[in-house]
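To start, the structure itself, in structure tokens.
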Amino acid sequence: MPRMTPSEAFVETLVSFGVTDVFGILGSAYMDALDLFPDAGIRFIPTVHEQGAGHMADGYSRASGRHGVCIAQNGPGITNFVTSTAAAFWAHSPVVVVTPETGSMTQGLGGFQEAEQLPFFEKITRYQGHVNNPARMAEFTARCLDMAMSERGPAQLNIPRDYFYGEFDYQIAEPKKILRGPGADESLDEAAELLAGAKFPVIVSGGGVIFSDGVAECVELAEMLHAPVVNSYLHNDSFPSDHPLWTGPLGYQGSKAAMKLIAQADVVLALGTRLGPFGTLPQHGIDYWPKNAKVIQVDTDHRMLGLVKQISVGVVGDAKRAARAITQRLQNRPIAARDNRDRRAAEIDRQKAEWEAELTDWTHEKDAWSVEIAKGSPYMHPRQMLRELEKALPGDAMVSTDIGNICSVSNSYLRFRQPNSMFAAMSFGNCGYAFPTIIGAKVAAPERPAVAYVGDGAWGMSFGEILTCVRESIPVTAVVFHNKQWGAEKKNQVDFYGRRFVGSNLDNPSFAEIARSMGAEGIVVENLGDVGEALEKACDAQKQGRTTVLEMMVTRELGDPFRRDALKFPKRSLGKYEHTNIDP
Ligand SMILES: Cc1ncc(C[n+]2csc(CCOP(=O)(O)OP(=O)(O)O)c2C)c(N)n1
Ligand SMILES: [Mg+2]
């Protein structure tokens with residue numbers, strides 16, 4: 001075993017696992033290791049804020065399927081990672097969060113930047129490795145890298161800062177190659193049996209299909225059954241949108257075609273999806289989940305099987321391999337869905353055409369408040385703008401989306417032909433996710449156009465990272481929806497709180513001007529006719545290394561709210577507040 005310092009063992013293990021990029025903000029706690037990065041061939045990408053670094057590591061891993069790694073100073077640098085780690089947890093991103101800690105000899109004395117760093121991350125990581133002895137640096141580093149990948153989620157590597165020093169004998173590990181199988185034969189047999197007998201099978205293609213590189217296998221199975229395929233919520237890139245069996249996403253602001261088709265299913269194959277509760281709520285007034293259908297669920301995590309929706313068959317397996325195994329079982333046997341194939345094909349076409357026509361006609365929001373507020377506005381209707389963006393997006397673009405009303409409405413207008421293209425804020429739903437995430441994605445895939453959709457409120461949280469784009473030459477495009485409000489939450493005040501707007505209106509500067517003063521391009525777009533060209537030019541400018549902020553001036557109208565399911569009309573007890581009661 002070669003003798004080396006713990007810093008060398010840490011860095012050599014990163015190299016052995018193929019890590020070439022690390023995001024973070026420098027700090028004395030790990031400077032001894034950082035000092036080695038250039039010679040090790042690791043690019044250190046300094047960011048504006050550690051949360052940005054964490055999201056960049058997330059976006060990097062989502063675009064590449066490789067580890068995203070972030071690192072920061074003990075104490076405050078590490079607490080800044082909490083939000084980004086929680087987001088990566090719910091996005092199932094293999095992020096390794098390296099958290100140098102107070103020195104082991106002073107922990108507990110209340111020194112500088114001291115914190116117990118493991119509890120912060122306990123519930124938002126898949127694995128926590130604590131280097132309890134410097135001689136174990138290589139071992140724990142490797143284990144965290146392995147765990148993040150095999151558990152598909154963040155792993156924390158906690159290192160007391162004095163443990164970077166010394167000299168020990170280390171074995172530098174290679175990545176473990178752990179492959180998951182398709183699932184138990186009996187479960188796959190049952191799944192095939194149900195699907196063979198189904199008259200209206202529908203496939204839900206989830207994140208697991210993307211993570212397992214299983215889109216081709218999902219397509220093959222769908223074609224064998226001629227089953228329509230719906231994307232699970234915010235995984236619009238889990239099935240090619242130009243395929244005749246693609247029907248669009250379920251969930252908030254999703255595709256009515258997808259919802260109306262799955263509502264008719266007698267057998268649902270949920271492939272690589274946990275069927276998250278938010279992503280399967282009724283939408284557009286359609287309670288689409290087919291309550292009498294038999295559900296087959298495939299997930300690598302057995303704890304997800306039947307957790308949210310009742311299932312008939314659970315398969316603990318890899319989505320790609322399970323799809324292939326089911327397809328093989330269906331070969332050379334009678335398939336009931338073939339008998340009514342033409343009728344279902346016509347139904348799929350009809351639902352898709354109806355939804356497209358409805359989207360095209362849906363030029364603005366039609367609720368009373370939206371109509372009133374948008375009246376006479378010189379600005380663009382968000383839906384029309386989103387349609388123009390959709391048309392102009394390059395075919396190989398990667399798009400990240402934030403949490404906001406307009407970002408959510410974009411769910412209906414985002415279609416992808418290849419996986420690893422859509423990086424939404426997923427279930428953690430934090431404002432400020434999209435911009436740093438797309439920066440990380442661009443580092444992983446510099447040849448692909450990278451576009452973030454961000455509301456103006458969320459932009460305020462995240463635009464600082466323009467500096468990272470400019471300083472580090474990472475060219476991306478930010479499309480900022482300037483509606484002068486925290487719209488998604490304001491919508492609740494419109495619907496439930498008598499239009500009393502507390503904290504929801506925003507007085508903004510010119511975001512294009514700010515971008516220019518930070519060294520990026522900034523373009524204000526006010527007219528629908530300019531949207532497509534502006535996006536094309538901005539994507540083109542990425543080839544010249546330039547980052548562009550497109551400041552889209554839009555009306556204040558708002559689409560359906562996020563959480564109609566979770567809100568109640570106010571009913572007060574004290575006389576003082578009585579006037580705020582709403583009688584629905
Ligand atoms: C970090 C964080 N803070 C607060 C919220 C609550 N929240 C959800 S959406 C939203 C409004 C988003 O406004 P904006 O980004 O301007 O987009 P818009 O809804 O106007 O399109 C807020 C405050 C959140 N999701 N995340
Ligand atoms: Mg806004």
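Worth a mention:
- Stokes-Einstein D for segment 438-584, Kirkwood Rh over Cα pairs, 4 °C, 1.567 mPa s (µm²/s): 75
- Helical contribution to [θ] at 222 nm, DSSP H n ≥ 4, -39,500 (n - 2.57), averaged over the chain, rounded to 500: -11000 deg cm²/dmol
- Three principal axis extents describe the C-alpha atoms of the chain; from largest down they are 71, 63, 58 Å.
- Charge dipole (Cα centre; +1 on Lys/Arg Cβ, -1 on Asp/Glu Cβ; no other charges) of segment 432-570 amounts to roughly 460 debye.
- Mean shadow area of segment 191-332 over all directions, Cα convex hull, nm²: 7.1
- When the trypsin sites (Lys or Arg not before Pro) in segment 188-271 are filtered for DSSP coil states and for at most 14 other beta-carbon atoms within 10 Å of their beta-carbon, the remaining sites are LYS199.
- Selection from GLY487, PHE278, TRP289, by position along the positive dipole direction of the chain (Cβ): TRP289
- Stokes-Einstein D (µm²/s) once Rh is taken as the Kirkwood radius of segment 165-237 over alpha-carbon pairs, at 20 °C in 1.002 mPa s: 139
- Stokes-Einstein diffusion coefficient of segment 86-226, Kirkwood radius over Cα pairs, 37 °C, 0.692 mPa s, in µm²/s: 178
- The longest stretch of the chain left intact once loop-based GluC sites (Glu not before Pro) with at most 13 other Cβ atoms within 10 Å are removed from consideration, loops following DSSP, is 168-446.
- Here's how it looks for VAL295: its modeled amide H is under 5 Å from those of VAL268, SER312, VAL313, which are all 5 or more places away or on a different chain.
- Rounded, prolate or oblate (a/c below 1.5 giving rounded, otherwise prolate when a/b exceeds b/c) for segment 110-171 by Cα gyration tensor: oblate
- With the charge dipole of the chain set up from +1 on Lys and Arg Cβ and -1 on Asp and Glu Cβ about the Cα centre, the Cα lying farthest toward the positive end among the listed residues TYR165, ILE25, GLY455 is that of GLY455.
- Net charge dipole size for the chain [Lys, Arg +1 and Asp, Glu -1 on Cβ; Debye, nearest 20]: 1360
- Signed unit charges on C-beta, dipole axis of segment 437-523, positive-most listed residue LEU467, PRO446, PHE496: PHE496
- Rg/Rg_ref, segment 297-419, where Rg_ref = 2.2 N^0.38 Å and atoms are Cα: 1.52
- Computed from phi, the 3J(HN,Hα) profile of segment 358-364 under the Karplus parametrisation 6.51, -1.76, 1.60 (θ = phi - 60°) reads 5, 4, 5, 7, 7, 7, 7 Hz, with x in place of Gly and Pro.
- A Cβ-based charge dipole, computed about the Cα centre of segment 244-362 with Lys and Arg at +1 and Asp and Glu at -1, lands at about 580 debye.
- Size descriptors for segment 415-525, from the alpha-carbon set: Rg then Dmax equal 15.5, 49 Å.
- Taking only the C-alpha atoms of segment 257-298, the Rg (one decimal) and the largest Cα-Cα distance, Dmax (whole number), read 10.0, 28 Å.
- The mean of 1/r over all distinct Cα pairs in segment 1-126, once inverted, gives the Kirkwood hydrodynamic radius of 14.9 Å.
- Applying both filters, DSSP loop and at most 12 other Cβ atoms within 10 Å, to the trypsin sites (Lys or Arg not before Pro) of segment 265-322 gives LYS291.
Coordinate-derived values only; no laboratory data. Not measured: the values here are computed from a predicted model. In this analysis, Cβ positions are derived from the backbone assuming ideal geometry, glycine residues included, and neighbour counts consider all displayed protein chains.
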